[in-house]
Amino acid sequence: MTERDHRDTVSAAQDGAGDHQVTAISRRTVLAGAAATAALSFGVDAMAETPPAAADANLDAFLNLSAALTGIAKKMLAPDTDSLGMGKGYFDFVDGKKLSDFATLLQVTKDANLQIPPPPGGIIAQPDVDRLAKAIADKGDAPKYLARSIMLMWYLGAWYEPSVLKALAKDPKAIVSYTVVSPKAYTQGWLWRVAQAHPMGYSDMQFGYWTRKPEEISDFIEFRIKGKGA
Amino acid sequence: MADDDIDVVIVGSGFAGSLIANELAKEHKKIVILEAGDRVPPNINDYMERFYKASIKVPESPYTPSLFDENGHAFDDKGHPVEDPGKVAAGRPSAIALDASMWSDGTKSYLVQKTEDKDKRKLTPFSSTYDRVAGGTAHWLGTSLRFVPKDFRMKSEYGGSVPEFVDWPIDYDELEKWYHDAEIEIGVSGNVADQSFHGIKFPSGPYPMPQIPNSLTDRAIGKALEKLDPAETAFLGMEQAPTSIAVRGLPAARNSQPYKGRRACAGNTNCIPICPIQAKYDPTVSLNDALNHKNVEMMSNTVASDIIVGDDKLVKEIRYIRYRLDSNGKLVGKVNGSIKAKTYVIAANAIETPRLLLMSTKGPHTKNGVANSSGMVGQHLMDHPYYVAWGQLPMTADPVYPYRGPLITSGIGDLCDGPFRAKRGAFRVDIGNEAWNFVIASVVKSSDPNVTAIDFINGVNRSRLNSDSKALFGPALTDTLNRNLTRQFRIGFLVEQTPDPGNTVTVSKTFRDGLGLLRPEISYSLSPYTKAGIVAAYKFKNLLFKMLHATDFTRVGDDDPSKWVETIDGQQVDLNYTGAGHIMGTYRMGRAEKDSVVDSFQKSHDHDNLYLVGSGTFPTSATANPTLTIAALALRTADRIAKRV
C-alpha cells in the first residue's frame, strides 16, 4: 500500500506508510506509554528546598493521612517495592501546589500518632480515622476540603480543587471541573478496587471472569504478606 | 495509478466502506478510498492515552480530531468546546455538545439542530454521534444482531395503521447468506439456539465463535423475569401475555476465543469507546486487510465535496478537499483535487452521505442534489431512541458486581415483535454491566463511579444514595461505597422509530466547517407511535424493578431538551430519550424510483454507477443495532459491483 501521491502536494511526509499498521497492543505497551506521560506530569522538583529527612517524614505523614482517610492499607497505596510510585507522585503533585493547608494537614496527621495494624489487614481502625477527621475539620474548611481532594485523587486519579468541593458541598448544582492527574493515575484509581472491579478500559483479568464472583474486598484493599496472609 | 485505471472510488472507510474495499480488493479491483478523517495510527496507544486523560469520557474521547486540550479538558474557561465546529476541517457531532445549552447552538454543536420546524412544531435533539477515523464506528459496542423477518415487511404486516411504514425490497431469506458471511468476516460470538426466535433461522451455518458468557447482573434480571403474572404483562400487547421473558446472550463481534489474529475479550468494560486489546472488531480490521492489497490506496484527510454527474446521468468524478494539520491538530493547509473511476461508492454514514449528495448541485442534472429525483435524500432520519433506567438492588440481595466484563453481555429480544407493533414502537432491552456509569450523566453533569464517590467523600447527594449528605472516611467509606456500587445496575430500551418525512438531514445555509463546507442541519422529533414505544418501555421498567425489589433511581433532568410529560395510569411521568448511535434512513432503499433512493443492491436509481451504502438505506429501523445488517448488505453490494465492474 502506498499513499496516493498525485495531483496535490499536501503533506507527502505526513501521509507516509502507516494507514494499515494497526495492531492489537499489549498491556505492556500501554503501561510504558502511561508511565512516561505520568512522569512528565508530576512535578518532580517540588521537594528541592526541603531537607531529605523532613521530606521523608512528610511523605510518610502524607501516606498515613491517605491510608486513614481512604480506608485502604498504607502498604497497598505505597508498596515496599513500588514500581508505580503513586504515593510519591501524588505527594509531589499536592506539594507542588504550595498550599499552606497541606503543611497543616501533615502536621495534624503527625500529631494524631496513627496506629497501623500489622498484616494481614493493615487498615487503620475507624476510631483512629474519626479522630483524625475531626482534628482536620477543627483546623477549618481549607484543610478539610484539601483532605477530600487528596482522597478523591487516590480514588479516581483525578484532581478536584478544594474550592470546587467546597462550592459543591454548599450547592449541589455547582459546576464540578476536574483534571485527570495522568493516564497512569486513572488506571490506578482505588474506587474501582473498592467496588471489586477494575478501571474501565484497564483490566488484568482474563476471558470469562465476569461470570463469577470477584475475590473478597479484603483481597483488593487489605495488605497481606505473601504466604502468611489470612 | 492513473485515474482511468481506477475501478472503484469509495468515500468513507467505516463498516460498509472497508468491507466493500476488502471484498473488491480480493477480486483485484483497483480501489481508492477517500477518508475525511486522519489515517489509522500505527497502534492505539495515543487513543488510550487520550481516553485515560480525558475529563469527559464520551464515545468520541479517544479519537481525532481531539475534543480535549493538553489538560484533558473539553471546554475552555468561557464554556466553549475546545474543538470549535466552525474551525475543524472534518468535524463530527459529540456527546459533549448535547447539553441543553449547546445542542441547538451551531457555534458549539457540529450538527446544526433546529428547535422548531416551519409550522412552529417543536423539534428535539438528534442525540447520536459519530467519529471520523475509519468511519468513526470503532466506538461501537459490538452487538451483532440479525433483524427478525417481519422487520423487513413493516408495511405488509403493520402498515394498515402506520402509514409511514414501508417494506424493504429484500427479505430475510435473501439476506440470510450475507448475514452469515458478515458474521464470519467480522467474527461474531453467539449461540444459534439462543438466537432462534421470531423466525430467525440459520440455514447457512452457525456463528464462528461460541457465545460470550453472561454476567451476574444478566442472571439476576433473568431470574426476576422467570415467572410473571400475565395480568401484569398484558400491557405489552403480545399475542399472549407472557408468563416469563427470556434474557438471552447478545451475539457480538467480540472474540470469545482468539480469532483472525486478535485476542479473546478480557472484559475491560470499555467496548465503548475503545477496546484496549482490539478483541472487538472495528472497521480498521477490514480496512487494514484491504490496504494490504497493493491495488488499494487510501487518501486520508480528504473530504469529498462534490459529485459530478454527466449528461448520460453517470457519475464522472468526485471533487475533494485535502487538508493538512499541524502537530496540534490545527488546520494549516488545503488543496482541491478530483478523482475519476468507473464506479463510485458513498459510504459516509446517514448524515454525511446525504450532506454530500445535497451539496452536489453544480451539475446540469442535479439541481436538487445527486441521486435525488425522488426528493427523498435526507428524509426519514431515524435512530433507536434510547430510554435508560437505573436502580439499585436491596442491601439484603446478593451483589451483582458491575464494572466487570464487556459493557453488555445480554438483553431481551423477544419483545421486539408482536401485534402491538400496529400501535406502538417495539423495543429491545439491553442490560448494562457498567452500573450507573453514563446513565447518571443525564441528570448530573458527570459520570459514575465519580458521582457516587464524590457524594460519600464530600458529603453531598447528587446520586441520591447519600440521603443525609454525610462525608465518610476510612472503613466506613470503603464499606458504604462497596455495598452501594456492587448493587447498582442499569437497563436501556432501544425503541423502534417511524420513518418520518419531517425528520431530515439538509445542508445548513449559514454554518460552515473549517474547510468552508456547509455543515449538516438536522430536524428531528419523535412521532406519537415512537413515544408510545417509550411509554411501554417505562411500564416494563417498573415491572422489572418490582420483580427485582430494586429501588428506582431513574430521573429526567429539568433542563433535558428531550424531556416530555406523559400521563401514564393517571400519573404525570417525565420521559426522555437519548441516542443509540444508530443513524438510519436518509437514502432509503425500495423498488420504485419515485419513493426510494437506492435499490436492494444499494445502487442509486438515478445513476447507474453510484452506490450509496450503510444504514442510510434502511427503510425502517427495526430494533436490532444496524451494524450486522450494514455489513451483510455491504458484502452483497460488493459481490454485485465485482460482477459489474
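Nothing in this text is a laboratory measurement; each read-out follows from the coordinates by a stated rule. Small disclaimer: the values here were computed from a predicted structure and weren't measured. With ideal geometry, Cβ positions are generated from the backbone for all residues, glycine too; neighbour counts draw on all protein chains shown.
Site pair B:Glu232 and B:Ile308 shows an inter-label distance of 6.7 nm when each label is modelled 7 Å from Cα along Cα→Cβ.
Here the label points at B:Lys26 and B:Lys423, each 7 Å from Cα along the C-beta direction, are separated by 4.8 nm in the simple model.
With a ≥ b ≥ c taken as the square roots of the eigenvalues of the C-alpha gyration tensor of the range B:369-488, please select rounded if a/c is under 1.5 and otherwise prolate if a/b is larger than b/c or oblate if it is not? Because a/c hits 1.5 or more and a/b exceeds b/c, the range B:369-488 counts as prolate.
Using just its DSSP H runs of length 4 or more, each adding -39500 (n - 2.57), the protein assembly as shown gives a mean residue ellipticity at 222 nm of -8500 deg cm²/dmol after division by all residues.
Rounded to the nearest 20 debye, what is the charge dipole size of the protein assembly as shown about its Cα centre when +1 sits on each Lys and Arg Cβ and -1 on each Asp and Glu Cβ? Present the calculation step by step, with values, prior to reporting the outcome.
Working: 99 positive and 102 negative charges, 79 e Å.
So the dipole magnitude of the protein assembly as shown works out to roughly 380 debye.
With Cα atoms defining each centre, the range B:213-251 and the range B:162-187 are spaced 26 Å apart in the structure. Taking the range A:42-221 as the region of interest, the number of lysine pairs whose Cα atoms are within less than 18 Å, with members eight or more places apart or on different chains, is 20.
Under 18 Å of direct C-alpha separation, and excluding same-chain neighbours fewer than eight residues apart, B:Lys594 reaches these aspartates and glutamates: B:Glu164, B:Asp167, B:Asp500, B:Asp606, B:Asp608.
Counting DSSP beta bridges with both partners in chain B, what percentage is antiparallel, nearest 5?
On the way: 56 of 75 bridges.
So the antiparallel bridges amount to about 75 percent of the total.
Taking a span of 24 Å or more along the helix axis (Cα atoms) and a mean Kyte-Doolittle hydropathy of at least -1.0 as the rule, the DSSP H helices of chain B that qualify are B:528-548, B:627-644. Where both bridge residues fall in the range B:505-645, DSSP classifies roughly 90% of the beta bridges as antiparallel.
Taking a 20 Å limit on the Cα-Cα distance, which of the listed pairs B:Lys201/B:Lys541; B:Lys30/B:Lys367; B:Lys29/B:Lys342 fall beyond it?
Details: B:Lys201/B:Lys541 29 Å; B:Lys30/B:Lys367 31 Å; B:Lys29/B:Lys342 11 Å.
From the list (B:Lys201/B:Lys541; B:Lys30/B:Lys367; B:Lys29/B:Lys342), the Cα-Cα distance tops 20 Å for B:Lys201/B:Lys541; B:Lys30/B:Lys367.
Each Lys and Arg adds +1 at its Cβ and each Asp and Glu adds -1 at its Cβ; summed about the Cα centre, the range B:1-137 shows a dipole of about 500 debye. The aspartates and glutamates within cross-link reach of B:Lys603, meaning a Cα-to-Cα straight distance under 13 Å and a gap of 8 or more places when in the same chain, are B:Glu593, B:Asp639. When the C-alpha to C-alpha distance is required to be over 31 Å, the pairs from B:Lys57/B:Lys227; B:Lys445/B:Lys470; B:Lys294/B:Lys509; B:Lys280/B:Lys362; B:Lys118/B:Lys362 that qualify are B:Lys57/B:Lys227; B:Lys294/B:Lys509; B:Lys280/B:Lys362.
With R₀ fixed at 22 Å, the C-beta to C-beta distance from A:Lys134 to A:Glu161 puts the FRET efficiency at about 0.40.
Note on B:46-59: average number of Cβ atoms from other chains within 10 Å of each residue's Cβ is 5.
Grab the beta carbon distance between A:Gln115 and B:Asp84, set R0 = 56 Å, and tell me the FRET efficiency rounded to 0.05. Result of the calculation: an efficiency of 0.50. Fully extending the segment from B:Asp46 to B:Asp608 would add 198.1 nm, taking 0.36 nm per residue of separation and subtracting the current Cα-Cα distance. Loop-located chymotrypsin sites (Phe, Trp or Tyr not before Pro) in the range B:344-420 (DSSP state other than H, G, I, E, B) with a sparse environment of at most 11 neighbouring Cβ atoms within 10 Å are absent. For peptide A:164-174, the mean count of partner chain Cβ atoms within 10 Å of a residue's Cβ comes to 3.
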